[in-house]
Every structure is written in structure tokens, then in C-alpha cells.
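Down below is the structure, laid out as C-alpha cells.
The values are calculated or read from the model by the stated rules, or taken from the named source; none is laboratory data. As the structure is a prediction and not an experimental result, all values here were calculated from the model. Here the Cβ positions follow ideal geometry from the backbone for every residue, glycine too, while neighbour counts run over all protein chains shown. Remember, those area values only see protein heavy atoms, side chains included, never the ligands or the DNA or RNA. Shrake-Rupley method; radii C 1.70, N 1.55, O 1.52, S 1.80 Å.
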Amino acid sequence: MLRAPDPEYDVIVVGGGPGGSTVATLTAMRGARVLLLEKERFPRYQIGESLLPSTVHGVCKLLGVLPELEAAHFTTKRGGTFRWGKTPDPWTFAFAVSSKFSGPTSTAYQVERMRFDQILLDHARRNGVEVREQCPVVDVLEADGRVDGVRFDDPAGTRREIHARFVIDASGNRSRIHGRTGGHRVYSEFFKNIALFGYFEGGERLPEPNSGNILCAAFGSGWFWYIPLTDRLTSVGAVLRRDALEHVQGDREKALNRLIQECPLIAAHLADARRVTTGPYGEIRIRKDYSYCQEKFWRPGMALVGDAACFIDPVFSSGVHLSTYSALLAARSVNTVLGGGAGSPDETRCFEEFEARYRDEFSRFHDFLMAFYDMRQDEDSYFWTARGITHAAGSPLEAFVELVGGGASEEGALFDSSLVEAALEAGAKVQAQAALGESFDDEPVRENGLVPSADGMCWAEPPP
């Protein structure tokens, strides 16, 4: 096989959503030549509107984009409210009950993804990423047993090829190249659900201080999400079991209205609302077969992040968290290999670390959600299940909040360092070490594993 020409870029990122923008920015910040190819023209519609604290105060802080998110005035999310399980009345959790998310980091945002994704993509541009929109990638290029570039169509429809040392697939559940890492996409036998969703204006809000919470309400055929995106706009979706397929046959408007009437809590919140029927929010959409996991997350020269690799279920809003967290892990791997100093971990160890940590986080959410779908339990049972899965030392409620807030990975970069400062000012050095601490990221998560560097941007050998 002929040797490929010298690469024009260090990294090609496929997809401009949160995962793609994150990995592109974090590698460009370390001096890499980064090209991001996005098949659509932003802003574009996307589902996945409820964020977790670890994304906002962890990844977005590393990116340096927090001031722009604050200026966007997205709806503040303090936790979640559930009508779930055998308890007849709604129950609420707050991120603030966990020390990892206390103080200024105890909130997240509900976001219009058109605006949120545009902010992250523009931020990538400002950090040196070359962004080309309306450039769908159709395949990867290979040489000497590794991926070394992509084949794509430019906005004029001309087929082009371009080379890079690494290709990161962040193109979502409809990725055309995810299978090129090897293996297959394995669909869940448990989460065979269908989502039917639309948007409403004028829906009721929960009482303060929880007006920005996501509301999840179980009913006979499944459950509803109710996400307050603005003072007026609400994202409303019904998640149904696969055996309830007949509920979404035919007219989608009638189907959604019928399901709303089956769920008294949601029906009451929408009593004075009207459905949006024009613009990007005017369509009633369906998503199905969305729970899956790729057999391999990487191969030499290529890695999958976000929905290109896996997705579970929308009930705890883990999609953007898994996407941006996996992008951080992939960026560390790329940065370490490109840095290439004496004694640096090699590519195999770096990307094995990426895949191991990504699968661990996916598994935590997956295993907990399987238990959470048991409607015979009450909230205390769910809290204890979370504690068993995460092996947390705190209370069951804290374990639950840390898991659903994206903090169960014990990943120091996902928590704001102001927690340490606040704890030190209060004279509670031991408490700071328990929550974050100097040795917080010094223990590898697997045999022969790596740990994050001090700045969270690379991998390093664990201390002796």
C-alpha cells in the first residue's frame, strides 16, 4: 500500500454538535491544526435540550465558554421533578444536595439546541478551528492499517479527500462512518422505546424555585418529558414502549394529544397552552431505535464520541453529558499523542483509556436506568440503587444526584475548582479532598491505566 501524503491537518472532526465542537476546541487549544466538517448549515434543529451540571460547570468551563452561556440567559435548571414509580405524588431532587455540585455549580441549563450548539461552534472557530458547513462526510481514508483522512462532499457537491493524523466521528446517531472502527452497532433489548414530541407555548411552570426543572411523568403507556426552554416555550415528548407502537400510527397531532390526555399531570400543565405549528419547532417528530452501543469505540487513527458511539435513553438527560464527556476523553488522547514527549503514553494506551472511561460512564447510566424503569419502586429505592451502582460513600440521595448530574465518574475536571477554594476558605481541607482534592484524579480506574494531567487536557502516568 502506498504511503499516504503528509496530512494537511492534525485532527478532522466530523460533526459540529456539542461533542464535535468540544473535541475540536480542546485539541485546537493545544496547538493542533483542526478541521471540523458539518453536513448542515447552523443554526439547525436538534433534540437533547436538558443539560447536566458536569457539562455546564465542567466541560464548558474547560472550553472557556461559560461567560457566553451565562449571557445567553438560558433557563436555569436546579434539578428534576418526577411523577414516577409507586409514589402517587411528584417528588423533586436538587443538584445542590451533592457536595460536588454545591454553591454556584448546583445548577445547569435547559437550552434551545439551535442556540447552544451555535455558541459552541462559534467558540471553536474563535479558538482556531477551521469550520466548513454543508460538507457531509461519506467515508474515511485508510493507509498502513489506520484511518488517515476522510472523503466528503463540499457545498457545491464536489467529492473531495483530505488527510489528517486523527479522525473523530462526532456526527451523531445518523453517522455514516461509525462502523469503520470495526464491529457493529448493538441495539438495546431493554430500551426499545419510541419518542413522539413537539413544542408548546404558554404551558404551566412548576412552583418556584423549581420552575426551570425538567418534569418527567410516568403514565400507562410510558412517560412524558416536559422541558421549560423559555418563559413561553416548552419541549414536550412522550416516550413509549415498543409494544405501544399503535399509539403513534397515523395522524401525529391526534396521537400526541391523545397521549397527553392519558397523563393528567401533563394535561394539566398544557391546559392553556397551544402547540407551535410553524418554524423549526412546528413539526411533531418521532425517534425510535435510539438505544444502542457500538462494539468498538476506536481504531488506530479514529475514535467515536457522543451519539456516534452510543446512546441510552432521554429520561435523565445524559445525551449531551456523554457527548461532551467523551469528547474531553478523546481530546486528552489526541493531545497526548500529538504532544509526543519522551515517556508519554502511546496511542494505544491513550485510546484504551478513552474507551474504558467512556464505557464506564455509559454503563453507570445504563444500569441505573434499567432499575429506574421498574415502576414498582419508590424514590428511596431508586436512591439506594444509585448508591450501589456508583459505590458512593455519601447518602443514597447524594449518590442519586451525583449519578444523574454526571458526577459519578469521579472525574475532577467535571467539577468547578471553586468548590476547593470555598472549602479551603471555610477551613474544611479534608472535605475539599473528599470532593476533589489534590489526589482526586491520581488513582487510575483500571490496571495499567492513566490519569488526567494537572490541567485536564492530556493523559499522564499515575504518580508512583
Could you check how much of the accessible area of segment 47-182 is carbon and sulfur, as a whole percent, using a 1.4 Å probe?
-> 47
Just the number, please: carbon plus sulfur as a percent of the accessible area of segment 244-320, 1.4 Å probe, no ligands or DNA/RNA counted.
-> 50
Output ordering of 345-354, 255-264 (per-residue mean of other Cβ within 10 Å, highest first) is 345-354, 255-264
Net charge near residue 184: determine it from the other residues with C-beta under 11 Å of the C-beta of residue 184, scoring Lys and Arg +1 and Asp and Glu -1.
-> +1
How long is the gain from residue 242 to residue 461 if the chain were fully straight, where each residue apart is worth 0.36 nm and the alpha carbon distance is subtracted?
-> 74.2 nm
Separation of segment 29-96 and segment 256-324 by C-alpha centroid, Å?
-> 14
So which GluC sites (Glu not before Pro) in segment 100-207 pass both tests, a DSSP loop state and at most 10 other Cβ atoms within 10 Å of the Cβ?
-> 189
Any idea of the accessible area per residue across segment 172-327, 1.4 Å probe, to the nearest Å²?
-> 39
Taking the alpha-carbon centre of each part, the distance from segment 137-196 to segment 341-368 in Å is 20
